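The values are calculated or read from the model by the stated rules, or taken from the named source; none is laboratory data. Here the structure is a predicted model, which means the values were calculated and not measured. Note that we place each Cβ from the backbone using ideal geometry, even for glycine, and neighbour counts take in every protein chain shown. Just the protein is used for accessible areas: all its heavy atoms, side chains included, with ligands, DNA and RNA removed. Shrake-Rupley method; radii C 1.70, N 1.55, O 1.52, S 1.80 Å.
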Amino acid sequence: TLNNSKQPQPIDSEKFNSLSKNKKKLILKHSLHHSITLSQFSSFYSSQYGQDRWQTLFQSLQNPTKYCALVNKFASPKHIQSFLSTTPILEQVSFLDLPCYISSERFKQPEKDENGIMNYYLLDAASIMVVKALDLNITDVILDLCAAPGGKSLVILQYLLSSIIHDDNNMDYGGFLTANDLSPNRCRRLKQVITDYIPSSLQHHINILSLDLTLSLPTYDKILVDAPCSAERHLLHSPSEFLKWKPSRSKIMSQKQYKMLLDAVKGIHVGGLLVYVTCSINKFENEEVVKKILRNSWVPLEEVKREWVIGEPCEKGWIVLPDKCDGWGPLYFAILRRVGEGEFRKKEKKRFKRFNADKNIAKEGYDE
């Protein structure tokens, strides 16, 4: 039985008996709501993973989120060395090609160097794999569509601007990143990350937007779509958010994700790549969305299949799950390449309505 998820702390019987009738009713109602939600949640996901796998995955999702420290190449070597020499029991993450470290102890706050640049950034190691999937070149024009809080944009810039780090004589550079987030509040956080981690002399390679972007012409070599999703690990660590979960949540999310992808693929140059990412464990927000876009896209696409050091293949794409990846994840991603010009479909709105009413989704347990 899955009964140890993050939930309101139990109250002892003596204290409970001292409460008013209304407060007792409220506590009992809240406890019952949690139990019902947990039962529905477990039933929903065990139907996708099987009961045995779901037991271990569920337990791993409740563990604290695992982070690695990405060393910021733009910080001064002196401050990078200070971090490496003063942080206890550091171990480099072997499957990444950027300098990232884990520690058995809690990381202290990042520090600024003499130029005001932070020396490291904490994130899930799987997030770096996702950026690696973009197969970046130093002259690429890139869009990070849902960029806040900014970790993946920072990783993109570690690769994109790698040839001019600490080289003051090489400022003529072709690569460019547009980092966009629709939420003004989240975009402020994104701007702060760029300010804290990227020298002002390089910020002309970055454009930060907070727009509901509509893409109609091929503009970018690479696009990263880190789509809003159900974020089950976050839900399990937030009792108030968990109580809002419903089986229909994924249907709503998958519709938004599909619509976002349907628009985004128009912005890639022929031969360019789009990487679709979620931190969901739900196949309907992951491979099912990718299957839909491959069938219904404005432009011809193909999936790019790759093997990775950690994680496991899905029907479409790849997923890193914490029960089998030493605590990393969850993170799903799929790589799509544009293979032709395609054409604008005037009847696409009708197609999207058919997607919303997809019978396959309905019969897989989305309806409450």
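Would you calculate the separation in nanometres between label points at Arg188 and Lys259, each defined as 7 Å from the Cα along the Cα-to-beta-carbon direction?
2.7
What residues have an amide H closer than 5 Å to that of Val304, excluding those fewer than 5 places away on the same chain, when H is modeled at 1.01 Å from N in the peptide plane?
It is Ile335, Leu336, Arg337, by chain and number.
Would the stretch 255-310 count as rounded, prolate or oblate if I go by the C-alpha gyration tensor, calling it rounded below 1.5 in a/c and otherwise prolate when a/b exceeds b/c, oblate otherwise? The partial results should precede the final answer.
On the way: a/c = 1.89, a/b = 1.16, b/c = 1.62.
It comes out oblate by the Cα gyration axes.
Using alpha carbon coordinates only, what is the Rg to Rh ratio of the stretch 190-340, with Rh defined as the Kirkwood radius? List each step's numbers first, then the result.
Values: Rg = 16.7 Å, Rh = 16.9 Å.
That ratio is 0.99, to two decimals.
Please find the FRET efficiency linking Lys112 to Ser163, where r is the Cβ-Cβ separation and R0 is fixed at 30 Å, and quote it to the nearest 0.05.
0.80
How much accessible area does His234 have with a 1.4 Å probe, in Å² rounded to the nearest 10?
We get 110 Å² for His234.
Which residues' amide hydrogens lie under 5 Å from the amide hydrogen of Val141, considering only partners 5 or more residues apart or on another chain, with H built in the peptide plane?
Phe176, Asp221, Lys222
Length gain on complete extension for the stretch Gln48 to Glu312, per 0.36 nm per residue less the alpha carbon to alpha carbon distance?
Stretched fully, the Gln48-Glu312 segment lengthens by 93.5 nm.
Can you work out the Karplus-derived ³J(HN,Hα) for every residue in the stretch 332-338? Use 6.51 cos²θ - 1.76 cosθ + 1.60 with θ = phi - 60°, whole Hz, and x for glycine or proline.
10, 8, 9, 9, 10, 10, 7
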